[in-house]
Structures are given as structure tokens and as C-alpha cells.
Amino acid sequence: MKVPLTFDRCSICLERKPSTSEHIIPQSIGGTLEADIQCVDCNSTLGTELVSQARQDPVLRFAILSLKDQLPDLYSSMEDGQRYIAKDVTGKTVRAKLKSGRFQTQAQKRDDGSIILDTRRGEKNIRQILAKERFTVDMIESAIQRLKETPENQKVSLSQSLGAVRWAIESFFPAIEKPEMSPRLVVLIAYNFLCSLVLNEFAFDRRLDFIRTYIVSGEPSDRITVQSFTSRRYDCYHRIYPEYAQDETRIKLVSFGWLIYVVHIRGLVCKCPDPAYAEDLRNKRALIAMSVKEAEQHNFYSSKQVDGGGT
């Protein structure tokens, strides 16, 4: 779904370049609403530096893990390629990666000199080792068959120099290696929302350069503050809506019904509509309400019915 808005210049660099579609909420975490507001270069750069962080955020990973039964497709796409820590039956930890719905053990060497390999890769390596030991094809196949027939967790000798064990893995846990997503990404999402559904042409006003500078370079601004909170439970939606005060505009971003960000933009005083945008993650659709009040009454519309605001 697209916002019916196309800029003739980029909302980030302000250059007059053909715009391209940008997801307001990253597609990697379930966003479907798009707007033509950024040029190809800015879209690519920010996508690599910032947007790619969203699915790596450990808080959001735990959220989708809790909702995987309700959102199996999104869980699969978010977790594909993610790293995990596994424990085998001996209690030792093993590095793993979830790929195409299957946990793949990562190659690693233990203190005793043994090497841990994924079963599929291990079988390939065993064949190569035995071939170097001048085993015939039939001898190699016989050795592989002995390995498959040996119960898990029991060592089997495949040659005079090579033994192998098919260790059973008892549990997998997400490997928390990445920090929470940068506040710059949160501000980018808030800014994309403002450009697409609230500010329209005012998005190019030079007085908003401090927002663009913070997004692009991370240069601190005393006019931007990002707070984060959590609610009581996870749920199958994302939501963004504005709040206007005398001296600032606040954009609230709710992810998976649980993680709440509030972006304070001091000095941005709007006399604008207050549309609310929600992602219905169960049904994979974007919903827009003409105002926060209508959103509270569950009166949502297609994005094609939404006109732009003013300042």
C-alpha cells in the first residue's frame, strides 16, 4: 500500500532527484505502508546504515519470538539468518544460525581439538577427509552409513584417525549480539511519518535541517529527544501517531504493541491534522485513521482516502 504522495525531490538530501518508495515502518519488521519520499541514494544509504538494524534489535526479536504462533510468516522472515546459542546434551554451548527454518550449527573448534560442524557440512567434510585417506567410494559410503546408524551422542570410529559424534541439541536461544536499534532509526521512522502523512511540502523547509542532519550523521541536537517505554503485553500491531504541544511535536511509535518510543521534536509547532497509522500484522495491511480520536474509536481507512495536511 502506498501513500498517494510523490515528492519531486528527496526529503533527506532535498535534491531534485526522482523519488523512490520507502517503507515508513521497515518492511523487515512488518511495515507495508510506502511513500515516494526519498531518492535512490538516500534510501540505499539509510537502508544499509539504519533500517537494517530493525530486525537485529534484540527487543524486537524477543517480541516476534513471543508472537511467532500468531505471526508465523513474519517470525520466519525476521529470524531467517539470525544467530542463536544452542546447548547440547552435555550442557556445552554451540553457535548456530536459523536458515530457511532450520538451525544450522556454526563451525567451531573446542579446547580438546575436536571440531563442531553442522550435520550436512560435517558429512561433506568427512567424505573429503576419508577420500584423502584413500578410502574408496564404497568405503566412504559405508562409513557414512555407520555414522547415521549410530545413536546420537555416541562416538563412532570412521577410520584410524577419524571419529565422529552426532550430538543432540536440547535448546536454542537467540544470540544477543546487537544493541537496540539506534535512536536515529526511530527518528527516521518518525520523520518519514511526518513527511508522508502530516507535513507534505513543509517537509522541505530548511528549518527542519536539524532533523535531517541528526538522521544522516547522528550529530546531536538539543531539539530532539527519544524516550522508550514498554506496555504490559505483546500484540500483533505497530502504530504511529502525533501529539501536538505548544512548544513541540511528539511522535509516538508502538512496535508489536509493546515497545513504545516517543520522539520529542522541540520547536516544531504544527497546526496540522493528526492522522494515526497502524500496521495490522495479522492481516498484513496498513490502516490510517484521519485523527487520533478516530483511531481510538477504531475508525480506520485505506491510505488512498487520506489527503495531506498543512502547517
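The values are calculated or read from the model by the stated rules, or taken from the named source; none is laboratory data. Everything quoted here is computed from the prediction, not taken from an experiment. In this analysis, Cβ positions are derived from the backbone assuming ideal geometry, glycine residues included, and neighbour counts consider all displayed protein chains.
Is at least one residue of segment 207-219 under 30 Å from Arg9 (Cβ atoms), in a loop (DSSP other than H, G, I, E, B), touching a helix residue (DSSP H, G or I) at 6+ places or on another chain (Cβ under 9 Å) and at pLDDT below 95?
There is at least one residue in segment 207-219 that is under 30 Å from Arg9 (Cβ atoms), in a loop (DSSP other than H, G, I, E, B), touching a helix residue (DSSP H, G or I) at 6+ places or on another chain (Cβ under 9 Å) and at pLDDT below 95.
Hey, can you tell me all the residues within segment 188-224 that are within 26 Å of the chain's Cα centre (by Cα), among the charged types (D, E, K, R) and either under 20 Å from Ser21 (Cβ atoms) or not assigned by TED's automatic domain parsing to the domain that holds Ile24 (or both)?
Arg212
Given the criteria basic (Lys, Arg) and either more than 24 Å from Gln56 (Cβ to Cβ) or at pLDDT below 85 (or both), does Lys109 qualify?
Here the answer is yes, as Lys109 does meet what is asked.
Name the single residue that is nearest to Glu34 (Cα to Cα) among those in segment 182-206 being part of a helix (DSSP H, G or I) and among the charged types (D, E, K, R).
Looking at residues that are part of a helix (DSSP H, G or I) and among the charged types (D, E, K, R), I get Glu201.
Condition check: farther than 29 Å from Ile29 by Cβ, crowded, with 16+ Cβ neighbours inside 10 Å and either more than 16 Å from the chain's Cα centre (by Cα) or modelled with pLDDT of 90 or more (or both). Does Leu185 satisfy that?
So Leu185 fails the test.
Report yes if Ala96 is modelled with pLDDT under 90 and buried (at least 17 other Cβ atoms within 10 Å of the Cβ), otherwise no.
Taking the combined requirement at face value, the residue satisfies it.
Just to be sure before I move on: is Ile37 in contact with a strand residue (DSSP E or B) (Cβ under 8 Å, 6 or more places away or on another chain), buried (at least 21 other Cβ atoms within 10 Å of the Cβ) and modelled with pLDDT of 95 or more in the structure I sent?
no
So Leu147 fits all but one of (1) in contact with a strand residue (DSSP E or B) (Cβ under 9 Å, 6 or more places away or on another chain); (2) free of Cβ contacts under 8 Å to residues at least 24 places away in the same chain; what number is the exception?
(2)
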